[in-house]
1. Is it fair to say MET1 is modelled with pLDDT under 90 and more than 25 Å from VAL150 (Cα to Cα)?
2. Within the set of pairs 6 or more residues apart or between chains, which connect a residue that is more than 16 Å from SER257 (Cα to Cα) inside the stretch 208-233 to a residue that is of a type in the set (A, V, I, L, M) and modelled with pLDDT of 95 or more with Cβ atoms less than 6 Å apart?
3. Within the stretch 255-270, how many residues turn out to be modelled with pLDDT of 95 or more, open to solvent by 10 Å² or more (accessible area, probe 1.4 Å) and of a type outside the set (D, E, K, R)?
4. Under 8 Å between Cβ atoms, which residue pairs at least 6 apart in sequence (or on different chains) link something in the stretch 173-198 that is in the same structural domain as GLU236 (by TED's automatic domain parsing) and closer than 20 Å to HIS147 by Cα with a partner that is open to solvent by 10 Å² or more (accessible area, probe 1.4 Å) and of a type in the set (Asp, Glu)?
5. Examine the stretch 201-211 for a residue that is surrounded by 20 or more Cβ atoms within 10 Å (Cβ to Cβ) and more than 18 Å from the chain's Cα centre (by Cα), and state whether such a residue exists.
6. Can you confirm whether the stretch 217-230 contains a residue that is assigned by TED's automatic domain parsing to the domain that holds SER97 and within 19 Å of the chain's Cα centre (by Cα)?
7. Scan LYS354, LYS298 and give me the residue that is open to solvent by 50 Å² or more (accessible area, probe 1.4 Å) and under 20 Å from SER118 (Cβ atoms).
8. SER30 fails exactly one of the following numbered conditions: (1) open to solvent by 40 Å² or more (accessible area, probe 1.4 Å); (2) within 20 Å of LEU271 (Cα to Cα). What is the number of that condition?
Amino acid sequence: MEIGKLLEKKLSRDAFVFGLERAIWLKLMSGKEPYKIKDDTYLMTRALLNSVKRAYEQGISPAYKKKLSELLLGKILFRGFKSKIPHKKTYGIEPPSFVTISPTNSCNLKCVGCYAASPCAEKHFEHLDYDVFCKIIEQNKTHFGSHFVVISGGEPLLYRGKNGKTLSDILQEHNDVFFLMYTNGTLINKEVAKKFAKLGNITPAISVEGFKEETDWRRGKGAYKKILQAMENLREAKVPFGISITPTSRNIETLFSKEFIDFWFEKQGALFAWSFQYLPQGRNPDMHLIPTPEQRFKSYFETWKFVRKGYMIADFWNCGTVTRGCMAAGKPRGGYFHILWNGDIELCVFAKIKDKNPTLNNVYNLFNSGKSIVDA
Ligand code: SF4
């Protein structure tokens, strides 16, 4: 039976997910990796499957049902390993799992410590060429066998390519790819939410910093209210979404509290949370915002406590066992690299390091010299 059909009804959905969890557990435990790595990987995968279950229970549009089963579970989770075989045969190693593209540096907010140092003046806004954007997505598919792309920014919904092309055009043109988009959420109106619901191949991770006080302090007055409205629009259109959090010394206790999880997951309907502890980079770096060692230590246990309960919270620092360490520089199996609005290719969104060879460190130069992203 097709995955989509199995997920449709509660009984078959629960049975399918239970069976899948067991199969994953047995497969992991038969491997030779240390137990902690296997157990953490199992717990995170179980939390991911729980999010899929919750997505169906909360209600998602028909297009999302199709894309979640065909793309996310089908092409990415189940058959992902098969599509990586050609790369492994040619290069002897597995390819990266995905590419992160920040197609624009423009943004409508001016967050404290913006990691991307998004310029405040329009004259400094830059957008990745639309055709180059498409070519990266295509090559991620053909060369890495990956049907998953992460979109960051700036604010991705402000992206404008040639002839005013937007992110929606990208989603439409690459409907065999599933996108995770980091967004400030303030531009997700009813129309945008409906468009997503129709396309079904994007899930927004909306940035929140805690509750109203923390979010408005960092993102600007009124941001919190707009975020709540965006989530209402997404729920109404039946679009699955999650949150993105930046633990700082000011908000880390709030972020890993039961009240926080209850509010965003249970009340607002977030299905996942991505977390990256504050790094002093971008706009006016502030060393005082870095969580203290004690706070970081405590947050490790808090993160895993919630993951054990079935909440998908992936902390790039505290969940290193799941990705087998750092994901940067296109690491085989689970790795990625980052391409910016000006075409620059860097190791990671948070490690602004690039190759010193100009032919290899910029995607425009790379493509102009007849190379592909495999050569980066
Ligand atoms: S952190 Fe994100 S939302 Fe805030 S200014 Fe920077 S790019 Fe915009």
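The values are calculated or read from the model by the stated rules, or taken from the named source; none is laboratory data. Computed from a predicted model, the values in this text were never measured in an experiment. Here Cβ is always computed from backbone atoms with ideal geometry, including for glycine, and neighbour counts include all displayed protein chains. Only protein heavy atoms, including side chains, enter the accessible area calculation; ligands, DNA and RNA are left aside. Shrake-Rupley method; radii C 1.70, N 1.55, O 1.52, S 1.80 Å.
1. Criteria met by MET1.
2. ASP216/ALA223; ILE227/ILE206; ALA230/ILE188; ASN233/ILE188; ASN233/ALA193
3. 2
4. HIS174/GLU138
5. Within the stretch 201-211, one or more residues are surrounded by 20 or more Cβ atoms within 10 Å (Cβ to Cβ) and more than 18 Å from the chain's Cα centre (by Cα).
6. Yes: the stretch 217-230 contains one or more residues that are assigned by TED's automatic domain parsing to the domain that holds SER97 and within 19 Å of the chain's Cα centre (by Cα).
7. Going through LYS354, LYS298 in turn, just one is open to solvent by 50 Å² or more (accessible area, probe 1.4 Å) and under 20 Å from SER118 (Cβ atoms): LYS354.
8. The single condition SER30 does not satisfy is (2).
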